[in-house]
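Just so it is clear, none of the values below were taken in a lab; they were calculated from the coordinates. Keep in mind the model is a prediction, meaning the values are calculated, not measured. When we count neighbours, we look across all protein chains shown, and the Cβ atoms used for this are built from the backbone with ideal geometry, even at glycine.
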Amino acid sequence: MTATAARPQQQPIRSTIPARLDRLRWTPFHTRLVLGLGTAWILDGLSVTIASSVSSKLTQPDTLNLTTSQAADIGTAYLIGEVIGALVFGKFSDKLGRRKLFMWTLAVYLGGTALTAFTAKGGGWIIYLYATRIIAGMGIGGEYSAINSAIDEMMPARYRGRTDIWINGTYWLGAILGTFASFLLLNSMRPNEGWRVAFLAGPALAFVILIVRRNLPESPRWLITHGREREAEEAMRRIEEAAISDGQYLEPVPESAAITILPETRYGYLTLLRVAFRQYPQRAVLGATLMITQSFLYNAIFFTYALVLTKFYHVSNDAVPVYGLAFAVGNLAGPLLLGHLFDTLGRKKMIAGTYLLSGSMLAASAWLFDAGVLHAAAQTFIWIVVFFFASAGASAGYLTVSEIFPIEIRAEALAVFFAIAQVVGAVGPAFYGVLIGNGASRTGLAIGYVVGGGIMIIGGLVEIVFGIDAEGKPLEQIAAPLTVIDD
């Protein structure tokens, strides 16, 4: 008997679960969902900031005595881990479920970061250090695809845009917390203890989050597409009971709102490529452009702003974190204050607007920078305003990719576009680093700002041409499941 003949024949499932999820108003369940899953970006911002803050300490003889190059490679190892984790765990998230993966990926991050804190000199210790950073990065990379998928699939359509924008923007809350944690720990403890305790801050928060996540259900949408109708109904019952307990009256959902699917579990990256290039080529261009352009700009500015402040504005190294905090606050404020507009004014207007505004302002600031009329505070203020808009737009890039592809390959789509963006984005710091040089000439970096702004403008123009008005619409209307059967 062949493998095909041995596989049980799946029966069509007709379900109103997507419509029932989208009719809900905000409930305590959605608050728990955001608290339990949305903290992934806080952890990423916390981890990156702490690693960046302690890198100089790790070059001291009384810590790990790393060379400057070895310390810089810690960040590279984490980035490599993120790309690997996104691709590996993204596939598993579509295959095995959102809940399993958002538990596994958080545990991987917790373990990898905790192991970093116990790095000790000895045979092969430098390999051990990089390996732990790769493991931690894998956990966070996997979080991006599993978490975005779960939130979008369980959040009512009317709140989906703002919630995704808010949550993605909290990376910068993690950066702020990481800055304070690093400052307090590195200055109040002995050098060889402070950096270790700083690295343990992330796992401590992750452990608390694991407890919260244990009580979250699997995505009912994912369950029905995988033929697990009984489990989907049980998860849906828990969500609806939370709404009723909160005082909501739930109108019956008409049968006409149901969808019929024939469950299938054999999907993967080859299917994603086929769907992206044959069925949704314009969406593939849109997703790739939004993710790549924001990644290039962010990496280029974020990883070099300290060099700009010290070489061109002669800011002391001790004062740089203060400017970094202001930069982070602006990045956090954008998504929090503008997020609701992505659901009210609409996706295309807001995404295109944030990309075009941030790109145009950065390009215009190049003239002021080259003319030498700015001081450190004015330069930082320009960055704050630029990234107030860019941060909201960048968060919308993840939202867009999550919305515009079918549920069966949603996490894999996020993983692929995230990985591509990270790889291309890594060019930004190297490019700007060459332009900065020894700080002798402003013209090169001014050209870099024009290039960075132009790249963001391209993202905005592509959104105008290929963007999708997804606000308030069910996911199944934006991108029909591959398993759907037309009635």
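Things to note:
- Of the trypsin sites (Lys or Arg not before Pro) found in region 259-362, those in coil by DSSP whose Cβ has at most 12 other Cβ atoms within 10 Å are 266.
- Label point at residue 443 placed 7 Å out along Cα→Cβ; residues across region 361-395 whose backbone nitrogen lies under 19 Å: 364-374
- Computed about its Cα centre, the charge dipole of region 360-476 is approximately 480 debye, with only Lys, Arg, Asp and Glu carrying charge at their Cβ.
- Spatial separation of Cα centroids for region 53-72 and region 146-221, in angstrom: 26
- Principal-axis analysis of the Cα atoms of the chain puts helix 98-117 at an angle of about 20° to the longest axis.
- Positive dipole terminus of the chain, leading residue within 36, 338, 131 (C-beta point charges): 131
- Förster-model FRET efficiency, 56 Å R0, residue 70 and residue 249, C-beta, rounded to 0.05: 0.35
- Kirkwood estimate for the chain, i.e. one over the average of 1/r between Cα atoms, Å: 23.3
- Residue range of the chain that is longest and free of chymotrypsin sites (Phe, Trp or Tyr not before Pro) which are both DSSP loop and sparsely packed (at most 14 other C-beta within 10 Å): 250-487
- Inter-probe distance in nm under a simple model that places probes 7 Å from Cα toward Cβ, at residue 204 and residue 35: 2.0
- Couplings for region 121-129, taken from phi via the Karplus curve 6.51 cos²θ - 1.76 cosθ + 1.60 with θ = phi - 60°, read 5, x, x, x, 5, 5, 5, 4, 4 Hz in order; Gly and Pro are left as x.
- Put in order of Cβ neighbour count within 10 Å, fewest first, the listed residues 246, 44, 318, 94 become 318, 246, 44, 94.
- Bins of 10 Å, starting at 0 and running to the largest distance - Cα pair percent for region 266-487: 8, 32, 31, 18, 8, 2, 0
- About the Cα centre, charge dipole magnitude for region 266-487 (Lys/Arg +1, Asp/Glu -1 at Cβ), debye: 400
- In straight-distance terms, cross-link reach from residue 473 covers every one of the aspartates and glutamates whose alpha-carbon lies under 14 Å from its own, apart from those fewer than eight places away in the same chain; here that gives 22, 152, 153, 343, 403.
- Angle of helix 320-338 to the longest C-alpha principal axis of the chain, folded into 0 to 90 degrees and rounded to 10: 30°.
- Alpha-carbon Debye profile of region 18-127, log10 I(q)/I(0) at 0.11 Å⁻¹: -0.51
- Pairs exceeding a 31 Å alpha-carbon distance, out of 91/121; 100/348; 57/95; 57/311; 100/349: 91/121; 100/348; 57/95; 100/349.
- Full extension of the chain segment joining residue 285 with residue 273 gains 3.1 nm, where the gain is 0.36 nm per residue of separation less the Cα-Cα distance.
- Working note: Karplus 6.51/-1.76/1.60 with θ = phi - 60° gives region 425-433 the couplings x, 5, 5, x, x, 5, 4, 5, x Hz, where Gly and Pro are set to x.
- Relative contact order computed over the chain (Cα-Cα under 8 Å; 6+ residues apart), in percent: 24
- Residue 128 versus residue 260: modelled label distance in nm, points set 7 Å from Cα along the beta carbon direction: 6.1
- Whole-percent pair-distance distribution, where bins are 5 Å wide, for the alpha carbons of region 398-487: 3, 11, 15, 16, 15, 11, 9, 7, 5, 4, 2, 1, 0, 0
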